[in-house]
Structure formats: C-alpha cells, structure tokens
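Chemist: Questions regarding the structure given below will be posed in turn.
The values are calculated or read from the model by the stated rules, or taken from the named source; none is laboratory data. As the structure is a prediction and not an experimental result, all values here were calculated from the model. In this analysis, Cβ positions are derived from the backbone assuming ideal geometry, glycine residues included, and neighbour counts consider all displayed protein chains. Side chains are part of the model used for accessible areas, which takes the heavy atoms of the whole protein and leaves out ligands, DNA and RNA. Shrake-Rupley method; radii C 1.70, N 1.55, O 1.52, S 1.80 Å.
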Amino acid sequence: MKFWQILFLCFVLVLSLTQCNTARHIPDQPTQVKTETSHPTNIILMIGDGMGLTQITAGMYSNNNHLELERFMQIGLHKSHAYNKLVTDSAAGATAFSCGKKTYYGAIGDDADTIPCKTIMEVAKDHGLATGMVVSSTIVHATPAAFIAHNKYRRNYEEIAAAFPGSGIDFFVGGGLKFFQNRESDGRNLCAELRSEGYVIQDYFNDDIDHIDPDPEKPFGFFTANEDPLPALGGRDYLLPATSVGISHLQHRSEKGFFMMVEGSQIDWGGHANDSPYIISEMLEFDQIIGRVLDFAIQTPGTLVIVTADHETGGYSILESSSMNDLKTAFTTKGHTADLIPVFAYGPGSELFQGIYDNTAIYDKIMTAMGW
Ligand code: MG
Ligand code: ZN
C-alpha cells in the first residue's frame with residue numbers, strides 16, 4: 001500500500017471516530033415523562049383478559065371511534081407465548097406478569113418446574129405497600145389467582161381461595177363466594193377466618209356494592225357473586241365503583257403507596273363465545289375504568305398505570321363494514337391466539353414500556369420502575 005493510501009485510510013478512520021463521538025454526545029431529547037425522576041409510589045396494573053388489538057379496535061369503532069386508551073403516549077407490545085406453548089392461557093399469562101417467569105398452562109404463581117415464585121403483589125407487600133384486586137370473574141380465577149396464590153393448577157379454586165387468609169391483601173372485589181364459605185374439600189369458612197383477621201367481608205346477597213364505604217382502618221373484601229359474576233350486558237356494573245372505592249381505600253391503607261390489579265375478565269369470555277356484542281360491551285366497560293384510573297393518575301403524581309392483556313381470544317378480526325357502529329367481524333378459533341399484545345403505560349417509569357419484549361418483562365419493568 002502506498003504512503004498516500006495509508007494517509008487517506010488514517011484520515012477516514014479519524015473522521016469516522018469523530019463522528020461516532022459526536023453521535024454519542026447528542027443530548028437526550030427531552031420528553032414529557034423524563035421530567036419525573038423519582039420512583040412511582042402507586043402501581044395500577046390493568047389486565048383486559050383476551051384483549052388483543054382487534055378487541056380494542058372493535059370497542060373503539062363501536063364507540064364513535066373513540067377510547068380512553070387513546071390518551072396513552074407510551075405504548076409497547078409483548079410476546080405472550082407460554083413456556084411450553086406458543087398460545088398461552090390466562091394462568092401462564094398472568095404468572096408471566098406476576099412473577100416474571102414463563103411457565104406452563106394452568107400454573108398459578110408457580111414457575112415451569114412447579115416451584116412457587118414470589119409475586120409482584122407479595123414484593124409490594126414486603127415494601128409496605130397496600131395491595132388490592134378488583135375483577136369481573138371470580139376472585140380465584142386464573143388472573144387474580146396468579147397474584148396471590150401458588151398452585152400447580154388453576155382450577156384448584158378452593159386451594160387458591162385458602163391463600164387469601166394470611167395474605168395481607170387490603171382490598172378485593174370479585175365473584176366466587178362459594179369457594180370461601182361453601183367448600184366441598186373441607187369445612188373451613190374462609191370468610192369467618194378473614195373476619196377473625198380483622199377483615200370486613202361483605203357480599204352481593206346482603207350488601208349493595210354501589211354504596212360500600214369501607215372503614216380504612218380495616219382490610220376489606222366483597223363477593224359480587226356466588227360463582228361467576230354476570231356479564232356487563234347482563235347488568236353487571238360494579239367494576240367502576242369498586243375500582244374507585246378500592247383506590248381510595250388503598251390510599252388510606254399505607255402512606256408508602258399501593259399496588260392494585262384491575263381485571264376486565266370477561267373480554268376473554270366474549271372471545272371464547274365468538275360473540276362480538278359480548279366482547280365490545282366488556283371492552284367498553286373496561287375502557288371506562290381505564291379513563292377513571294388515568295384521571296386519578298393525572299391528579300396523583302407518582303402513580304404508574306399499565307394496561308395490557310394476557311393474550312388475544314377468538315382470532316377476532318374486523319371486515320369491511322357498512323358502518324363503524326355495525327361492524328362485520330369474524331373469528332378463527334374458540335380459543336386463544338399467539339398475537340403480539342399491546343401495552344399502554346402512564347406515569348413515572350412509563351417510558352420503560354416502549355418497544356417489543358416478552359410478557360415476563362412487564363414484571364421486570366415494574367421492578368425497575370420501583371427501584372426494587
Ligand atoms: Mg382472567
Ligand atoms: Zn380464555
């Protein structure tokens with residue numbers, strides 16, 4: 001190589017190094033979220049069971065082309081697959097969020113080796129946060145179960161119910177009273193056990209959930225049905241008031257903050273039934289609660305809100321339609337699908353939820369945001 005060629009190569013090398021350096025020193029673009037530097041104090045994780053992009057789209061078009069979800073700026077996608085299957089179920093899907101582990105079908109707070117894994121709600125409790133769950137299924141159904149219990153199989157409902165006494169959960173609302181006080185496997189009355197721990201336990205049979213005003217000095221549980229709660233189209237309307245009351249109850253339960261999981265459980269059931277009106281009505285109810293939670297988070301700095309789903313249900317799709325309010329839809333399965341699932345986040349740490357990542361990263365990102 002001639003001397004001038006070597007000289008030229010050196011010149012190119014120096015130039016490219018300088019440019020790399022320059023690129024490295026471009027200041028970070030200021031964003032709305034980065035102005036918040038501290039860890040969140042409150043976490044509200046909202047799970048729309050079976051809420052894929054099409055469920056969201058159908059809800060939006062059917063609602064005059066609008067959803068509260070459109071208020072989110074930090075949006076990502078997660079890979080929903082389970083440990084041993086491409087298409088997950090709600091137990092493995094919820095355990096991915098609660099423990100940060102890919103696990104097998106039916107696993108409740110257990111990893112792929114059936115070893116119990118510490119859940120995000122248990123971690124929150126250890127850090128002094130108040131904890132709560134509000135769901136439109138039974139409170140022992142796979143999604144809430146994966147946050148409070150550890151069990152090899154999701155349908156061991158009475159065993160899962162037995163995880164409530166001693167858990168220290170501050171607030172819960174959902175169906176499934178019979179798994180607590182009319183048990184087949186033993187004679188235990190878990191409602192009585194919870195009351196002996198200081199809980200106020202009420203139920204749909206004796207009390208009106210629209211008028212509950214729980215004493216902040218005491219942990220609180222409300223059963224909305226003996227088994228599964230009604231669909232929204234059947235008249236169920238407690239999810240919104242229960243979420244509002246739950247938030248204020250949890251705020252009073254600990255000055256360190258709270259962790260709350262809210263599930264729109266029946267979007268999934270509409271998908272299994274291949275029933276568009278069922279899906280859309282559940283989706284719109286859930287979206288209304290999302291709006292209420294966002295309003296709270298905006299008024300209460302330090303609140304991290306995450307909205308996502310465990311998986312899509314139905315292989316739901318929207319076809320060319322004569323009107324947005326009269327969608328022509330189709331389904332490819334009565335079960336779940338392996339679609340990427342959207343994640344929406346607001347509040348301190350919400351920027352962590354941008355991008356494409358595994359469902360287990362939701363747990364990791366919450367832990368990072370909290371500095372745990
Ligand atoms: Mg569920
Ligand atoms: Zn399902």
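Chemist: Give me the distance in nm between label points sitting 7 Å out from Cα along the Cα-to-Cβ direction at V200 and Y153, one decimal.
Modeler: Spacing of the two 7 Å Cα→Cβ label points: 3.9 nm.
Chemist: If you don't mind, another one. How do 95-103, 39-47, 134-142 rank on mean C-beta neighbours within 10 Å, highest first?
Modeler: The most tightly packed comes first, giving 134-142, 95-103, 39-47.
Chemist: Less than 11 Å Cβ to Cβ from G315, Lys/Arg counted +1 and Asp/Glu -1: what total charge do the surrounding residues give?
Modeler: Neighbourhood net charge equals -1.
Chemist: Scan around F259 for amide H atoms under 5 Å from its own, H built in the peptide plane at 1.01 Å from N, and keep only partners 5 or more places away or cross-chain.
Modeler: For F259, the qualifying residues are I43, A130, T131, G132.
Chemist: Please give the helix 90-99 orientation as an angle from the longest Cα principal axis of the chain, in degrees from 0 to 90, rounded to the nearest 10.
Modeler: 60
Chemist: Moving to a separate point now. Taking the Cα centroid of region 176-212 and of region 87-118, what is the distance between the two, rounded to the nearest whole Å?
Modeler: Cα centroid to Cα centroid, the span is 27 Å.
Chemist: As an exercise, identify the chymotrypsin sites (Phe, Trp or Tyr not before Pro) in region 189-240 lying in DSSP coil whose Cβ has no more than 11 other Cβ atoms within 10 Å.
Modeler: Answer by residue number: F205.
Chemist: Which of D275, D237, D207 moves the most in a Gaussian network model of the chain with Cα springs under 10 Å?
Modeler: Of D275, D237, D207, the Gaussian network model singles out D207 as fluctuating most.
Chemist: Suppose a student asked you for the relative contact order of the chain, using Cα pairs under 8 Å spaced at least 6 residues apart; what percent would you report?
Modeler: 30
Chemist: Longest span of the chain, sites excluded, free of GluC sites (Glu not before Pro) in DSSP loop with at most 12 other C-beta atoms within 10 Å?
Modeler: 1-183
Chemist: Could I ask something else about it? List the equivalent ellipsoid semi-axes of the chain in whole Å, largest first, each obtained as the square root of 5λ for an eigenvalue λ of the Cα gyration tensor.
Modeler: Three semi-axes, in Å: 40, 25, 21.
Chemist: Using a Cα distance threshold of under 13 Å, what count of lysine pairs results for region 49-332 when pairs must be 8 or more residues apart or interchain?
Modeler: Number of lysine pairs found: 5.
Chemist: Continuing with this model, one more query. Net charge near K102, counting Lys/Arg +1 and Asp/Glu -1 over other residues with Cβ under 13 Å of its Cβ?
Modeler: Result for the neighbourhood of K102: -4.
Chemist: With angles folded into 0 to 90 degrees, how steeply does helix 53-62 sit against the dominant principal axis of the chain? Use alpha carbons for both and round to 10.
Modeler: 70
Chemist: On the protein heavy atoms, probe 1.4 angstrom, tell me the percent of accessible surface of region 117-167 carried by carbon and sulfur.
Modeler: Of all accessible area on region 117-167, carbon and sulfur atoms account for 48 percent.
Chemist: Using only Cα atoms, tell me the angle between helix 276-299 and the longest principal axis of the chain; keep it within 0 to 90° and round to the nearest 10.
Modeler: Once rounded, the angle reads 70 degrees.
Chemist: Right, another one. In Å², what does the accessible area per residue of region 49-332 work out to with a 1.4 Å probe?
Modeler: Ligands and nucleic acids excluded, the figure is 38 Å² per residue.
Chemist: Against the 2.2 N^0.38 Å scaling, with N counting residues, where does region 168-280 land? I'd like the Cα-based Rg ratio to two decimal places.
Modeler: Against the empirical 2.2 N^0.38 Å value, I get 1.15 for region 168-280.
Chemist: What does the charge count near A142 come to, summing +1 for each Lys or Arg and -1 for each Asp or Glu among other residues with Cβ under 9 Å from its Cβ?
Modeler: Around A142, the charge tally is -1.
Chemist: Now for a different question. Cα-based Rg of region 151-225 per 2.2 N^0.38 Å, rounded to two decimals?
Modeler: After normalising by residue count via 2.2 N^0.38 Å, the value is 1.08.
Chemist: Still on this structure, I have one more. Determine the gain in length on full extension of the stretch E320-A112; use 0.36 nm per residue of separation and subtract their C-alpha separation, reporting nm with one decimal.
Modeler: The E320-A112 span can extend by a further 70.7 nm.
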